[in-house]
Amino acid sequence: MSDVTIYLHVGATKTGTTALQRFLEQNFSKIKDEFGFLYPNFHDKEVFSPMRDGHNYWQGFYFENSSGSEDIETFNRCIDYCKHNSLHSILISHEALLVNWHKRFGDLAGKLDANIKVICYVRRQDHHLESAWKQWGHKFVLSDKIFESLTQQKEEWGGWRQTDWYRLISPWAQIFGKENIIIRPYEKEQMPDGILSDFLEVLKIKWPEQPVLRNEVNVNSGFSRDVLEFLALNRDFYEDHSDQRLHNMMNRVLDESYKKKPFESYGILSPAERLKILKKYDDSNQMVAREFLNRIDGRLFYESWPNLDDAWEPYEGLNTARLVPILTKIMYKLFVRQEGVIRQQEEILKQQNLILSRIDDQHPLTALLKRIYNKLKK
């Protein structure tokens, strides 16, 4: 058995992966120095170096634009680095790997001097679909057609509707062995301290304090139903399902009153639709619970199923009274930022004029400098 273990965090999508990747990126030095884990930067010649947007940024590009011929060399660089620096583990996190990437990594099995373990978080399908619709699906599917979209196969929609966890996990288990697959249910009842604490616990890392993200970063915040409708009504704006420009703008300019808290329901699906979805995947979920979590009762998620008589009202639509405050807050936030930029420019101009006023008028270069400055100012 090798002295180095590669932990592949393969997803699934909408299980806090962005926040987790930002945390690992912010703490990559501490994770290496104190806990022996390499969180590598494949986008740089130096595997131990800072990166932008974690593995979600570079790895998607790397795997989608490489034939696979460089995989062994790339991973061997990481393994060699670990051996030369007395590190015991390599950590890779990219949520899109769960869908279909087992074949790519299967080609590496047996060719690397490392053990491989696969970590996968799974989310209850009704919650997952609502969250995925918020980020991707609203660009192509009306909110009242989410359930129907489960049976549709359109390549441009990506893999946001793929939520049969047993079907997706099984190929990984066949390649790397069931004993090397770590499954964690992504729900508040089973990870009360959040994704960061839970993930560190999986790795047996005892973080000295409550793990948190430093500074404010974009972690794919959820939005209120009205904001989601605003995004959906602009579906002609998007270039493809991964186009996040409008989402990122709204995340930056809107305050917390328009954002959803973690694990809070979007309320898009009716109780009847939720039940249909849960029944559709019930057998799959039970097999995951029994085979990968050793739960005899087959209970993968602990949250109670909805009842048909649960309080729920269909969304009434985005009317003028709801839309105007959203637009006003967007315009005012942009106005405030523009005012700040103008003040900064005025201060810079003031300092430039002060410097020019102190230049000796008799100096032969003074006239030339002032002419150049006046032209630039125009």
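Side notes on the structure shown:
- In segment 178-212, the qualifying residues are those that are among the aliphatic types (A, V, I, L, M) and part of a loop (DSSP other than H, G, I, E, B), and the one that is surrounded by the fewest Cβ atoms within 10 Å (Cβ to Cβ) is Val212.
- Segment 239-269: number of residues that are assigned to a helix (DSSP H, G or I) and under 17 Å from the mean Cα position of the chain (by Cα): 8
- Qualifying residue in segment 314-333 (condition: of a type outside the set (S, T, N, Q), assigned to a loop (DSSP other than H, G, I, E, B) and under 23 Å from Tyr186 (Cβ atoms)): no
- Candidate set from segment 64-84 (those that are touching a strand residue (DSSP E or B) at 6+ places or on another chain (Cβ under 8 Å) and not aliphatic (A, V, I, L, M)); member that is modelled with the lowest pLDDT: Phe75
- Filter pass, Phe301 being in a helix (DSSP H, G or I) and aromatic (Phe, Trp, Tyr): no
- Residue check, Ser224 over 30 Å from Leu24 (Cα atoms), in contact with a helix residue (DSSP H, G or I) (Cβ under 6 Å, 6 or more places away or on another chain) and hydroxyl-bearing (Ser, Thr, Tyr): no
- Selected residue (criterion: farthest from Ala114 (Cα to Cα)) from residues of segment 23-47 that are touching a residue at least 40 places away in the same chain (Cβ under 8 Å) and among the aromatic types (Phe, Trp, Tyr): Phe23
- Enumeration of residues in segment 213-238 that are more than 22 Å from Gly267 (Cα to Cα), exposed (fewer than 14 other Cβ atoms within 10 Å of the Cβ) and at pLDDT 85 or above: Asp236, Phe237
The values are calculated or read from the model by the stated rules, or taken from the named source; none is laboratory data. Everything numeric in this text was worked out from a predicted model, so none of it was measured. Using ideal geometry, Cβ is built from the backbone for each residue, glycine included, and neighbour counts are taken over all protein chains shown.
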